[in-house]
Amino acid sequence: MVKIEGRNPVIEALKSDRNIDKVMIAKGTTEGSIKKIIGMAKDKGIIVQYVDRKKIDEISESHSHQGVVAMGNDYKYYELEEILNIAKQKNEDPFIVILDEITDPHNLGSIMRTADAVGAHGVIVPKRRSASITPIVAKASAGAVEYVPLCKVTNLVSSIKKLKEHGLWIAAADMNGQNYYKQNLTGPLGIVVGSEGSGISRLVKENCDFTVKIPMVGNVTSLNASVAASIMLYEAFKQRIEIKEG
């Protein structure tokens, strides 16, 4: 059983097929979207408990619960083949985000939120040295964890090789690459984003097909990982839209 904290994450969890055991509402919190949550829970026959805010404060992991916490079944992690099948079922070129040792849960949540917005078919992370789905990630994603498949793999390099066997081109976000807006980011694609501290590991980078960079002229040498990912993902999204619109 996992905790889903915050109004948007709880609303998205209620809208999805996730099993929700109960929803806890802080006493005296009935305004705005809380009414919507109560109505959605009751429509689905889910127990609604009104408890002291202090109790919710105590069980909250994100410390940003906004007066509501739901208890649901564990998040599903996907296999690589399942993500590729999702793209196939939609008759779309696979569009996958690959994260190399992103350990900050806020960054993972933000990247999953952007991945949902641009229609990416999934996010791949290593099982070790990476953030997993937690209440903090769910809150940072504004509920996108309910819609974006997350795949945890034992070996990122092996997974990249497998994606290439399925026809994907793999782009590494790296400061030594070509300006991202000059590169073709259409077709079957995986975009690799590394951690803020050490970037993309050497072996992962060596197995990418090409590198792309975000040009910068300021004094700070790098962008936040989730910001960099958003810029790259939206450029790929833009190029895909332009092809569809002809």
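The values are calculated or read from the model by the stated rules, or taken from the named source; none is laboratory data. It should be emphasised that the depicted structure is a prediction, and the values quoted were computed from it without experimental measurement. A quick note on method: Cβ atoms are made from the backbone with ideal geometry, for glycine too, and the neighbour counts reach across all protein chains shown. Just the protein is used for accessible areas: all its heavy atoms, side chains included, with ligands, DNA and RNA removed. Shrake-Rupley method; radii C 1.70, N 1.55, O 1.52, S 1.80 Å.
Computed values, structure above
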{"item": "Under 28 Å from K27, Cα to Cα: lysines that are on another chain or at least 8 residues apart", "result": "K3, K15, K35, K36, K42, K44, K54, K55, K139"}
{"item": "Antiparallel content of DSSP bridges confined to the chain, in %, to 5", "result": "25 percent"}
{"item": "Fraction of accessible area attributable to carbon and sulfur, region 1-125 (%, probe 1.4 Å)", "result": "43 percent"}
{"item": "Relative contact order %, the chain, counting alpha carbon pairs below 8 Å whose residues are six or more apart", "result": "20 percent"}
{"item": "Estimated FRET transfer efficiency when R0 is 30 angstrom, pair I59-L203 (beta carbons, to 0.05)", "result": "0.15"}
{"item": "19 Å cut-off, amide nitrogen to a point 7 angstrom out along H166 Cα→Cβ, residues in region 61-104", "result": "76-100"}
{"item": "Helix-only [θ]222 nm of the chain, DSSP H runs n ≥ 4, -39500 (n - 2.57) each, per residue, nearest 500", "result": "-11000 deg cm²/dmol"}
{"item": "Structure-derived volume of the Cα convex hull per residue in Å³ - corresponding label in [x] 109; [y] 161; [z] 149", "result": "[z]"}
{"item": "Per-peptide average of other Cβ atoms within 10 Å, ordering 222-229, 209-216, 106-113 highest first", "result": "106-113, 222-229, 209-216"}
{"item": "Shape call, region 162-221: gyration tensor on alpha carbons, a/c limit 1.5", "result": "oblate"}
{"item": "Sequence of T30, T186 when ordered by accessible area, the most exposed leading, probe 1.4 angstrom", "result": "T30, T186"}
{"item": "Accessible-area order (highest first, 1.4 angstrom probe) of the listed residues T103, T114, T154", "result": "T154, T103, T114"}
{"item": "Rg followed by Dmax, in Å, when region 10-109 is reduced to its Cα trace", "result": "17.2, 49"}
